[in-house]
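Single-structure report; data block below.
The values are calculated or read from the model by the stated rules, or taken from the named source; none is laboratory data. Since this is a predicted model, take the numbers as computed values, not measurements. Here Cβ is always computed from backbone atoms with ideal geometry, including for glycine, and neighbour counts include all displayed protein chains.
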Amino acid sequence: MRLCESPALVEAEWQSQGVWIVLDVAQGLPAIDGDEELLRQALLNLNQNACQAMPAGGVVTVGARVEDRTLCLEVADEGVGIAPEDVERMFALYYTTRPDGTGIGLSIVYRIVQMHDGTIDVRSEFGQGTTMTVRLPYGSAR
């Protein structure tokens, strides 16, 4: 999966609103045995959500690294953060806190990650930002 495609597409759309994307991608990342299009869609959805969380602009950091035979993909924003009660429900289909949201994007991400035997973790501080970490096994770990 080419990690640079999705953030570049999103940044082109959001630059006019003061949103910038920084890549922090380790060299020599392993290939993931999975559906490249689905994984690209999951990363695109995470990037879009991060941008939407920053109505006053800011930086989204997209990172990738290896930890214990697991590829870790992180999308971190400097946005409004997520209330603790919303973190529990944010991956539920049709759940949204945005007036114009559909509640589909994060549920799709969650399902794609599950399909690839991965996990997704959320760290958020209300008013400070959110980090979504997707962990995907590779090689014999899967």
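Here are a few things to note about the model shown:
- Among the residues examined, T96 does not qualify as in contact (Cβ under 8 Å) with a residue 40 or more places away in the chain, β-branched (V, I, T) and over 20 Å from L9 (Cβ atoms).
- Residue check, G34 small (G, A, S), surrounded by 12 or more Cβ atoms within 10 Å (Cβ to Cβ) and under 25 Å from G127 (Cβ atoms): no
- Criterion applied to G63, G79, G57 was being at pLDDT 90 or above and crowded, with 19+ Cβ neighbours inside 10 Å, and the one residue passing it is G79.
- Counted residues, segment 24-47 - those being among the aliphatic types (A, V, I, L, M) and assigned to a loop (DSSP other than H, G, I, E, B): 4
- Among the numbered conditions (1) in contact (Cβ under 8 Å) with a residue 60 or more places away in the chain; (2) in contact with a helix residue (DSSP H, G or I) (Cβ under 7 Å, 6 or more places away or on another chain); (3) small (G, A, S), the only one that S124 does not meet is (1).
- Check on L73, buried (at least 18 other Cβ atoms within 10 Å of the Cβ) and at pLDDT 90 or above: yes
- Condition check for A141: surrounded by fewer than 19 Cβ atoms within 10 Å (Cβ to Cβ) and either over 26 Å from V19 (Cα atoms) or modelled with pLDDT of 90 or more (or both): yes
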